[in-house]
Amino acid sequence: MCLSRRKSRFRFKYLFFGLLLTYIIMCQSCMTMRMTPKETKTYFETSKVAYTSQTFTVDNHKLHYIETGNPQNPTLFFIHGSPGSWDAYKRYLTDSLSLKKFRMIAIDRPGFGYSDFGKAVDLETQASLLESLATQITNSKPVVLVGHSLGGPVIVKMAADKPNFFAHLVVLAGSVDPRMETPEIWRVVLKAKPIRYLIPGALRPSNDELWWLKEDLYDLQPKLKNISCGVTIIHGTKDPLVPYANMAFLQKRLVNARSVDTISIKGANHFIPWEHFERIRNALSEIKL
């Protein structure tokens with residue numbers, strides 16, 4: 001009887017650790033929130049739009065991006081939120097009106113897509129890497145930065161670092177006010193080993209960078225006065241994830257910006273790049289460069 005129980009316990013432990021190991025392995029491959037190269041090719045072929053997929057190495061970091069449009073036109077440089085990848089802007093990259101006016105680049109932020117997937121970095125490092133990428137692939141035409149959600153503070157930091165390089169910012173529901181970032185103590189629990197390895201795919205680097213964000217935004221705040229280009233701020237009035245008050249915060253502190261235009265989308269939530277595509281596309285096309 002005792003021998004039977006020991007065998008039963010052994011089988012249970014074997015099954016438990018087997019399932020745990022299987023889950024951990026699956027965590028590395030599921031919820032990547034990125035399109036495969038095959039899916040990307042199919043999407044652009046179906047849209048009948050030519051594209052290039054490039055990977056640049058900057059300071060030993062791999063940065064991947066997709067490019068469409070006339071390479072001699074001004075550039076729209078799209079930066080996604082958290083989590084996500086370049087395909088957050090795939091509709092913009094295939095829009096016929098935008099293709100006539102812009103060269104368009106949508107990047108995978110560090111830690112996401114095919115840019116060192118799973119390895120999060122803080123706001124300062126992200127901005128520095130993307131600034132280097134932007135300067136290396138410049139065509140000497142104006143560059144407009146477009147950032148959604150956490151991509152918002154990334155482009156703000158880039159413009160604060162290089163006020164003479166970027167021509168315009170478009171902040172889409174950007175999380176820029178550190179006071180609006182409520183402490184989420186549970187995130188530090190998810191960062192701890194071995195629990196962090198139980199978080200699937202892109203949610204792990206997302207949790208890391210969101211844990212750092214509040215402190216990063218406080219560091220960014222005194223640098224907002226460096227921004228001298230034009231800025232367009234677009235935000236939904238009913239955003240449950242990034243409060244609408246972020247618009248007023250940014251508007252008040254951009255004291256040296258060439259211009260600050262605000263667009264409030266009444267009743268809109270956080271997902272304005274997709275749910276209000278035409279309004280945002282039109283705002284982009286109306287930027288004076």
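Worth pointing out:
- Note on Gln221/Ile185: beta-carbon distance plugged into 1/(1 + (r/R0)^6) with R0 of 30 Å gives a FRET efficiency of 0.85.
- The chain - Rg and Dmax from Cα coordinates, angstrom: 21.2, 83
- Values of log10 I(q)/I(0), in the order q = 0.12, 0.16, 0.19 Å⁻¹, for segment 197-274 under a Debye, Cα-only, solvent-free model: -0.47, -0.77, -0.98
- Area of Asp261 that stays accessible when all protein chains are in place (1.4 Å probe, Å², to 10): 80
- Computed with a 1.4 Å probe over protein heavy atoms only, the accessible area of Glu275 comes to about 110 Å².
- Stokes-Einstein diffusion of segment 42-131 at 20 °C, 1.002 mPa s viscosity, Kirkwood radius from Cα pairs, rounded to a whole number: 159 µm²/s.
- Taken along the Cα-to-beta-carbon direction at a fixed 7 Å, the label points for Trp212 and Asn164 span 2.9 nm.
- Reported value for segment 92-164: 101 Å³ per residue, from the convex hull of its C-alpha atoms.
- Residue-normalised convex hull volume from the C-alpha trace of segment 156-289: 125 Å³ per residue.
- Gain upon complete extension [Thr36, Lys288; 0.36 nm per residue less C-alpha separation]: 87.2 nm
- Percentage relative contact order, segment 127-177, counting C-alpha pairs under 8 Å, at least six apart: 42
- Ratio of Rg to Rh over segment 249-289 (Cα coordinates, Kirkwood Rh, two decimals): 1.02
- Placing a label point 7 Å from the Cα of Asp122 along the Cα-to-Cβ direction, the residues of segment 214-243 with a backbone N closer than 18 Å are 214-224.
The values are calculated or read from the model by the stated rules, or taken from the named source; none is laboratory data. Just so it is clear, the structure is predicted and the values come from calculations on it, not from any experiment. Quick reminder, even Gly has a Cβ in these numbers, built from the backbone with ideal geometry, and neighbours come from all protein chains shown. Accessible surface areas use protein heavy atoms only, side chains included; no ligands, DNA or RNA. Shrake-Rupley method; radii C 1.70, N 1.55, O 1.52, S 1.80 Å.
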